[in-house]
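A.B. asks: First the structure, which I've put down as structure tokens, then a few questions once you've had a look.
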Amino acid sequence: MKHVPGIALALACSLGVSCGGGSPQEPEIASRLQVYVHWGDTGLAEKRLEVLELGLMRLTDKSGVAEFLVPAGTYTLRAHEINRPGPPPAHIDIAVTTTRGNTTRVDVVDCLPCVAAGEGG
């Protein structure tokens, strides 16, 4: 019975620490990066996007949108398998700056007719 107050105190301390909102070493998530991959009015699903500096990767949803929660800052957004006139690049890089408390929106146009032109069709 004399160990009960010590156990209760240890439990209360551990709960207080675990509910502290995270480690002071974790970056504060203060901005949102929303990317829309599309051709015309049609969003394109399953397009791979990366924020290089943070090592984050997302695929676009069925409406062509992917979102990243990131600290405010300047990043390189890499979009894979995006079609452009001429030989298709493996990826395109876009410089993006996000600001605290705001959503930064980026449109990535994927030229679907360019695929047919590149195939000789």
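A.B. asks: Looking at segment 39-121, I'd like the Rg to Rh ratio, where Rg is from alpha-carbon atoms and Rh is Kirkwood's inverse mean 1/r.
C.D. replies: Ratio of gyration radius to Kirkwood radius: 1.00.
A.B. asks: How far apart, in nanometres, would the label points at Trp39 and Ala72 be if each is projected 7 angstrom from Cα along the Cα-to-Cβ direction?
C.D. replies: 3.9
A.B. asks: On to the next question. Under 8 Å for C-alpha pairs, at least 6 residues apart: give me the relative contact order for segment 64-117, rounded to a whole percent.
C.D. replies: Contact order relative to length: 36 percent.
Laboratory data are not the source of any read-out in this text; all were calculated from the coordinates shown. Not measured: the values here are computed from a predicted model. Heads up, the Cβs are rebuilt from the backbone with ideal geometry, glycines too, and the neighbour counts pull from every protein chain shown.
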